[in-house]
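Inspection log for the structure reproduced underneath, given as C-alpha cells.
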Amino acid sequence: MNMIRVGMIGCGSMSGSHCAALQPLAARMRFSAFADIDPERAGKAAARVPGALAVGDYHALFDAVDAVIIAVPHDLHYRIGLDCLQAGKHVLMEKPLALTETECRELIAADRSPHPVLMLGYVMRHDPLWRRLGDYLHEETFGRVFHVSVWTEQYTDTSRGAWLGEARRIGGGQLFSHGCHYIDLLLHWLGDPVCGTHTGTNLGTPWMEREGTSDVSLKFASGATAYHFGTWGARGSRLRYAVHAHCTEGMLELDHAAGTITLHRSRSGGDLPALGALAAPGEALDHPEQAVVYRRPGEGGKAVVQQMSAFLDCIEQERKPEISAAASLRSLQVIWKLYAAEEQMRVADLRGL
C-alpha cells in the first residue's frame with residue numbers, strides 16, 4: 001500500500017511527542033500536514049517535517065492527508081471528528097470520544113469503519129506491559145482475579161492550557177479526562193460492572209474547577225471488585241503508575257516505571273509451582289516471596305508506536321479497530337453515572353450498560 005499521509009489536528013505538546021515517537025513507522029506513514037488555530041504553532045510543528053503543510057483551519061488540510069490524529073481540547077472532539085469522517089478521512093481520536101452521550105452516539109452513527117477507520121486513542125491498551133497483565137487475568141494464569149487496584153499519581157496543572165482546568169471543556173475533572181483510561185482498562189479486564197462510587201476533590205489542585213483527585217470503587221458481575229485512585233496534584237510519589245491485582249494464587253504488581261510485573265506469593269492455598277519456576281527468563285529470584293514474571297521489552301514509550309501501528313493496520317488491512325467508538329462509550333457511561341450518583345450521595349447502579 002502507498003505511504004499513508006497523516007495530518008495532526010492540534011499542535012500542542014502532544015504534536016511534538018508524536019512526531020518524535022512515531023519515527024519507527026516512517027516506512028508506513030508520514031506527517032504531511034499540521035493544523036492549529038494558532039498559525040505560528042502549526043508552522044513550528046510543520047517545520048519539523050520537510051514539505052509538511054501548516055494551516056490554521058483543519059478543513060484546509062483534507063486534500064493533503066489520508067488520515068488524521070485529533071489531539072485538541074476535549075470539547076472540540078465531536079465537531080472536528082464528525083467533519084473529518086464526513087470528509088472520508090481515517091481518524092485516530094485521542095480519548096475521550098466526546099463530552100456527552102448524545103455527541104458520542106452521533107459519532108458512533110457516523111462511524112463506517114473501516115471506510116474510513118475511527119479508532120480511539122486509549123494508549124494504555126497498547127502498552128505490552130498492561131496488555132500482558134490483562135492476558136494473565138483473562139487466562140487465569142495465577143488463579144481467578146478478585147480485586148484490582150490502579151494508582152496514577154502525577155502533577156498536571158494548567159501550564160499546558162487553561163482548558164485543562166475548565167469542567168465544561170474537559171467534561172468534568174481528572175476522572176473524565178485521564179481516569180477514563182483506567183476505567184476502560186478495568187472494564188476490559190473484569191467485565192460487566194454492577195455498582196460503584198466516586199469521590200473527588202479539588203483540594204490540592206485549586207486550578208481544577210472539578211476534581212483534580214479522584215477515588216473510584218467498582219464491583220463487577222463476576223464478584224470481583226476494583227479501585228482506582230488518580231491525582232493531578234502529586235508533588236511526589238512512590239507508586240506513580242502501578243497496579244495490584246489480587247488473584248487466588250498470588251498478587252500481581254505492575255510497575256509502569258520499571259516495566260515489570262511481579263508475582264508476590266506468601267500463601268498459596270494449594271500445591272503450586274515454585275516461584276523460581278515462574279520467573280521470566282533471566283530474572284533472578286532475589287526474594288523468597290516474589291518473582292518478576294514479565295519485563296516489558298524495549299523502551300517505555302513504545303505504546304504510542306504500537307497504537308499508531310494498530311491504526312495503520314486497520315487502514316491497510318481494511319478492518320475495524322478493537323477500540324472503536326462504540327466500544328469506548330461504556331467507560332464514559334460508567335463515569336457519567338458515577339458523577340451523577342456522587343452528587344446525590346449514593347451508590348451508582350451500573351447494571352445494563
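For residues that are among the aromatic types (Phe, Trp, Tyr) and either over 30 Å from Arg30 (Cα atoms) or loosely packed, with under 14 Cβ neighbours inside 10 Å (or both), tally how many sit in region 296-325.
Residues in region 296-325 being among the aromatic types (Phe, Trp, Tyr) and either over 30 Å from Arg30 (Cα atoms) or loosely packed, with under 14 Cβ neighbours inside 10 Å (or both): 0 in total.
For the condition in contact with a Phe, Trp or Tyr (Cβ under 7 Å, 6 or more places away or on another chain) and crowded, with 19+ Cβ neighbours inside 10 Å, what is the one hit in Ala245, Ala224?
Checking each option against the conditions leaves just Ala224.
For region 1-44, name all the residues that are β-branched (Val, Ile, Thr) and farther than 16 Å from Met308 by Cα.
Residue satisfying the conditions is Ile37 alone.
Have a look at Ala33, Ala45 and point out the one that is part of a helix (DSSP H, G or I) and surrounded by 18 or more Cβ atoms within 10 Å (Cβ to Cβ).
Working: Ala33 fails: part of a helix (DSSP H, G or I).
After ruling out the rest, the residue left standing is Ala45.
Within region 90-106, which residues are surrounded by fewer than 24 Cβ atoms within 10 Å (Cβ to Cβ) and either modelled with pLDDT under 95 or not polar (S, T, N, Q) (or both)?
Here is the first cut: in region 90-106, the ones surrounded by fewer than 24 Cβ atoms within 10 Å (Cβ to Cβ) are 94-95, 99-106.
Within region 90-106, Glu94, Lys95, Leu99, Glu101, Glu103, Cys104, Arg105, Glu106 meet the criteria.
Please work out if Leu53 is under 26 Å from Ile108 (Cα atoms) and at pLDDT 95 or above.
When the stated conditions are applied, Leu53 does not pass them.
Among the hydrophobic types (A, V, I, L, M, F, W, C), touching a residue at least 12 places away in the same chain (Cβ under 8 Å), over 21 Å from Pro321 (Cβ atoms) and surrounded by fewer than 17 Cβ atoms within 10 Å (Cβ to Cβ): is that true of Phe146 in this structure?
Values: among the hydrophobic types (A, V, I, L, M, F, W, C): yes; touching a residue at least 12 places away in the same chain (Cβ under 8 Å): yes; over 21 Å from Pro321 (Cβ atoms): yes; surrounded by fewer than 17 Cβ atoms within 10 Å (Cβ to Cβ): yes.
Answer is yes for this residue.
Being buried (at least 20 other Cβ atoms within 10 Å of the Cβ) and in a loop (DSSP other than H, G, I, E, B) is the filter here, so list the residues in region 48-85 that pass it.
Scanning region 48-85 gives Ala52, Val65, Ala71, Val72.
Has region 326-334 got at least one residue that is assigned to a helix (DSSP H, G or I), among the β-branched types (Val, Ile, Thr) and buried (at least 18 other Cβ atoms within 10 Å of the Cβ)?
yes
Mind checking whether some residue in region 191-205 is of a type in the set (Ser, Thr, Tyr), closer than 18 Å to Ser237 by Cβ and crowded, with 16+ Cβ neighbours inside 10 Å? Explain how you work it out, then say what you get.
Just the residues of region 191-205 that are of a type in the set (Ser, Thr, Tyr), to begin with: 197, 199, 201, 205.
Applying the additional criterion that residues be closer than 18 Å to Ser237 by Cβ yields 201, 205.
From what's left, crowded, with 16+ Cβ neighbours inside 10 Å: 201, 205.
Checked region 191-205: at least one residue is of a type in the set (Ser, Thr, Tyr), closer than 18 Å to Ser237 by Cβ and crowded, with 16+ Cβ neighbours inside 10 Å.
Consider His181 against the criteria (1) within 21 Å of Ala242 (Cβ to Cβ); (2) part of a helix (DSSP H, G or I); (3) touching a Ser or Thr at 6+ places or on another chain (Cβ under 7 Å): it satisfies all of them except one. Which criterion is unmet?
With (1) within 21 Å of Ala242 (Cβ to Cβ); (2) part of a helix (DSSP H, G or I); (3) touching a Ser or Thr at 6+ places or on another chain (Cβ under 7 Å) applied to His181, the lone miss is (3).
Of Gly121, Gly179, Gly196, which residue is touching a residue at least 60 places away in the same chain (Cβ under 8 Å) and in contact with a Gly (Cβ under 6 Å, 6 or more places away or on another chain)? Show your work before the answer.
Values: Gly121 fails: in contact with a Gly (Cβ under 6 Å, 6 or more places away or on another chain); Gly196 fails: in contact with a Gly (Cβ under 6 Å, 6 or more places away or on another chain).
Exactly one residue qualifies, and that residue is Gly179.
Here's the yes/no breakdown for (1) closer than 18 Å to Ala54 by Cβ; (2) touching a helix residue (DSSP H, G or I) at 6+ places or on another chain (Cβ under 8 Å):
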site: Ile4; (1), (2): no, yes
site: Ser13; (1), (2): yes, yes
site: His18; (1), (2): yes, yes
site: Ala21; (1), (2): no, yes
site: Pro24; (1), (2): no, yes
site: Ala27; (1), (2): no, no
site: Ser32; (1), (2): yes, yes
site: Asp36; (1), (2): yes, yes
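The values are calculated or read from the model by the stated rules, or taken from the named source; none is laboratory data. This is a predicted model, so every value here is computed, not measured. So basically every Cβ, Gly included, is an ideal-geometry build from the backbone, and we count neighbours across all protein chains shown.
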